[in-house]
1. Which numbered condition trips up residue 96, out of (1) part of a strand (DSSP E or B); (2) under 23 Å from residue 143 (Cα atoms)?
2. Could you check, for the range 63-70, whether at least one of its residues is surrounded by 13 or more Cβ atoms within 10 Å (Cβ to Cβ) and under 23 Å from residue 32 (Cβ atoms)?
3. If you take the residues of the range 76-100 that are in contact with a helix residue (DSSP H, G or I) (Cβ under 8 Å, 6 or more places away or on another chain) and more than 16 Å from residue 135 (Cα to Cα), which of them is farthest from the ligand (Cβ to nearest atom)?
4. Applying the selection to the range 128-154, what residues are touching a residue at least 24 places away in the same chain (Cβ under 8 Å), over 8 Å from the mean Cα position of the chain (by Cα) and part of a strand (DSSP E or B)?
5. For the range 128-148, enumerate the residues that are surrounded by 24 or more Cβ atoms within 10 Å (Cβ to Cβ) and either under 18 Å from residue 87 (Cα atoms) or more than 16 Å from the ligand (Cβ to nearest atom) (or both).
6. So, in the range 101-127, how many residues would count as being more than 16 Å from the ligand (Cβ to nearest atom) and either in contact with a helix residue (DSSP H, G or I) (Cβ under 7 Å, 6 or more places away or on another chain) or part of a strand (DSSP E or B) (or both)?
Ligand code: FE
């Protein structure tokens, strides 16, 4: 019985990305502008990127490449390249994850309720491909009061202009 449960959990996790192509499997999901199969995502993402983006994993604090990045530029989705955050809204949260008080533009990221780990949190994902990015909390700075706590592994930083797309 224990083995069946473990196998079921592994299978459910492994097909998290593929499930995005079938929105009927997840009530809060919707069709994405970029939709790939699990095999296609595995081909283009590193194992760590896949773990975060497709399996809603979290990198350990203070280990990612961007939590302390102070350069100007745009943070894109590591899976599909969509612009998600700008250095203009990045701030020092002290958490060890890249933190922003707003996405680069309204609608760039989507949200859903996350009840894992015995907590109720708001998960955020790339609206274009559905890749998991991190969570948003209500303890951020002004003007929004929001803290988008994002995994570096879900982002690709493009140094340069910070203009909105
Ligand atoms: Fe994306």
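1. The number of the failed condition is (1).
2. no
3. Taking the range 76-100 first, the residues in contact with a helix residue (DSSP H, G or I) (Cβ under 8 Å, 6 or more places away or on another chain) are 77-79, 97-98, 100.
From what is left, the residues that are more than 16 Å from residue 135 (Cα to Cα) are 78-79.
Details: 78: 8, 79: 4 Å.
Once the filter is applied, the top-ranked residue is 78.
4. Result: 136, 147, 148, 149.
5. The initial filter retains those residues of the range 128-148 that are surrounded by 24 or more Cβ atoms within 10 Å (Cβ to Cβ), namely 130-134, 148.
Of everything in the range 128-148, those that are surrounded by 24 or more Cβ atoms within 10 Å (Cβ to Cβ) and either under 18 Å from residue 87 (Cα atoms) or more than 16 Å from the ligand (Cβ to nearest atom) (or both) turn out to be 133, 134, 148.
6. 6
The numbers here are math on the coordinates, done by the rules we state, and not lab data. What you see is a predicted model, and the numbers here were worked out from it, not measured in a lab. Please note: Cβ atoms are built from the backbone with ideal geometry, for glycine as well, and neighbour counts cover all protein chains shown.
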